[in-house]
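First up is the structure itself, then whatever we jot down about it.
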Amino acid sequence: MITRFRGQVTLDGPSGTGKSSVARDVAARLGAAYLDTGAMYRAATVAVLDAGVDLTDPEAVARAVSDAVIEIGTAADAEVVTVDGIDVAVRIRGAEVTRTVSPVSAVPAVRRQLVDRQRSLVAAADAVVVEGRDIGTVVLPDATVKIYLTAAPEARAQRRAGQLGVTDPHKIDEIAADLRRRDEYDSSRTDSPLRPAADAVVVDSTGLDRDAVVDRVLALALSAVGEPA
Ligand code: DC
């Protein structure tokens, strides 16, 4: 295990690029903590759904999130996500949450709460890999190294289909359309839109396997702290 790295690696980008598995692997290889901020927005969405509030009422949505106790683990090898003490690690990946997370995460008062939590979790770690959409731009503008991971839309749809076990070409088209819809929503929202930070290194994972992307990110992280890869 490499333990020389001290600092923050931010990994932003759209869904379907292999970002989560790359972030976990990089964290494990660096001996660093790992924070999945998407899981935090998904857990907040569970709180909103369970509170039964009107999704078009930003105040009610933000109140449902602040009333809930959301816990998120920062170990690279174990996913811990709870809402009011209930394990929601599986539920947050389901269709209902995936459908609802974009409007919840577009509410500025929700983002403020979660960004505060993200910064304190990061401050508690000597070394950490943080994945999301706005980590390099908003959450940690002074991060040690910033990566923006992207991939061609077809490659992203194929990867997502593989994860879901889908082979029907029509279903893959639907997945591609859903990815485009979420990208469009996440990139065009007013608060913290999805975009690369000016000082981020853009890594295109199209045609690269997971290990190649992990090696590239590790090399960038180590060179940022003056260590050979
Ligand atoms: O990475 P993911 O698919 O689990 O993220 C779920 C949603 O949360 C995604 O549609 C956008 C939102 N999100 C965000 O707005 N900001 C972040 N830092 C992370 C995720």
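A few notes on this one:
- Taking the criterion of being within 16 Å of the ligand (Cβ to nearest atom), over 29 Å from ALA221 (Cα atoms) and either among the basic types (Lys, Arg) or touching a residue at least 24 places away in the same chain (Cβ under 8 Å) (or both), no residue of the stretch 155-174 qualifies.
- Some residue of the stretch 158-174 being in a helix (DSSP H, G or I), within 20 Å of PRO193 (Cα to Cα) and modelled with pLDDT of 90 or more: no
- When ALA62 is tested against (1) at pLDDT 95 or above; (2) out of contact with any helix residue (DSSP H, G or I) (no Cβ under 6 Å at 6 or more places or on another chain); (3) among the small types (Gly, Ala, Ser), just one condition goes unmet, and that condition is (2).
- If you go through the stretch 95-109 and keep only what is more than 9 Å from the ligand (Cβ to nearest atom) and closer than 15 Å to VAL65 by Cα, you end up with THR100, PRO103, VAL107, PRO108, ALA109.
- Qualifying residue in the stretch 175-196 (condition: assigned to a loop (DSSP other than H, G, I, E, B), in contact with a strand residue (DSSP E or B) (Cβ under 6 Å, 6 or more places away or on another chain) and at pLDDT below 95): yes
- One residue alone among ASP204, ASP178, ASP191, ASP173 is of a type outside the set (A, V, I, L, M, F, W, C) and more than 27 Å from GLY94 (Cβ to Cβ), and that residue is ASP204.
- Residue that is surrounded by the fewest Cβ atoms within 10 Å (Cβ to Cβ) [pool: residues in the stretch 175-194 that are within 12 Å of the ligand (Cβ to nearest atom) and basic (Lys, Arg)]: ARG181
- Leading residue by the ranking (farthest from the ligand (Cβ to nearest atom)) among those in the stretch 126-147 that are in a loop (DSSP other than H, G, I, E, B) and closer than 16 Å to LEU220 by Cβ: THR144
- Out of ALA43, ALA28, ALA32, sole residue that is touching a residue at least 40 places away in the same chain (Cβ under 8 Å), buried (at least 23 other Cβ atoms within 10 Å of the Cβ) and under 22 Å from ASP215 (Cα atoms): ALA32
- Condition check for VAL9: out of contact with any Ser or Thr (no Cβ under 8 Å at 6 or more places or on another chain) and β-branched (Val, Ile, Thr): no
The values are calculated or read from the model by the stated rules, or taken from the named source; none is laboratory data. Keep in mind that what you see is a predicted model, and the values were worked out from it rather than measured. Note that each Cβ is placed from the backbone with ideal geometry, even for glycine, and that neighbours are counted across all protein chains shown.
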